[in-house]
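The values are calculated or read from the model by the stated rules, or taken from the named source; none is laboratory data. As the structure is a prediction and not an experimental result, all values here were calculated from the model. Neighbour counts run over all protein chains shown; Cβ positions are idealised from the backbone, glycine included.
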Amino acid sequence: MNMTDFTKTALYSVFELIRIEAKQYGVNVIGSETIGPVPMEALTDTAAYYLGLEVFSVEQVLESRITGVVS
């Protein structure tokens with residue numbers, strides 16, 4: 001699936017919907033992959049969802065602070 005705008009449809013939403021569809025056919029989704037660059041915000045949103053974090057942002061990613069991606 002080609003994700004073009006993660007702000008309209010979150011990665012975790014798509015992944016969960018695919019899992020639901022697959023389950024209807026008796027198939028378990030055991031993983032996924034990315035091809036090409038992925039916006040950091042898309043990944044932090046997904047991490048926050050699966051970890052149940054109530055407040056989380058890219059500013060809390062250590063590498064963002066180290067590399068100066070976030071001011």
key: Residue under evaluation Glu33, criteria (1) over 15 Å from the mean Cα position of the chain (by Cα); (2) closer than 15 Å to Met1 by Cα; (3) among the acidic types (Asp, Glu), criterion not met   = (1)
key: Failed condition for Thr7, given (1) modelled with pLDDT of 90 or more; (2) surrounded by 10 or more Cβ atoms within 10 Å (Cβ to Cβ); (3) of a type in the set (Val, Ile, Thr)   = (2)
inquiry  = I'd like the full set of residues that are outside any loop (DSSP other than H, G, I, E, B), at pLDDT 90 or above and surrounded by 12 or more Cβ atoms within 10 Å (Cβ to Cβ), limited to the range 41-71.
reply    = Glu41, Ala42, Leu43, Thr44, Asp45, Thr46, Ala47, Ala48, Tyr49
ask   = Quick one: how many residues across the range 17-40 are of a type outside the set (A, V, I, L, M) and either under 28 Å from Thr67 (Cα atoms) or at pLDDT below 95 (or both)?
value = 7
message = With the structure loaded, tell me whether Ser32 is surrounded by 11 or more Cβ atoms within 10 Å (Cβ to Cβ), touching a residue at least 12 places away in the same chain (Cβ under 8 Å) and small (Gly, Ala, Ser) or whether it fails that test.
response = yes
inquiry  = Can you say whether Phe15 is within 23 Å of Val61 (Cα to Cα), in a helix (DSSP H, G or I) and in contact (Cβ under 8 Å) with a residue 12 or more places away in the chain, as far as the supplied structure shows?
reply    = yes
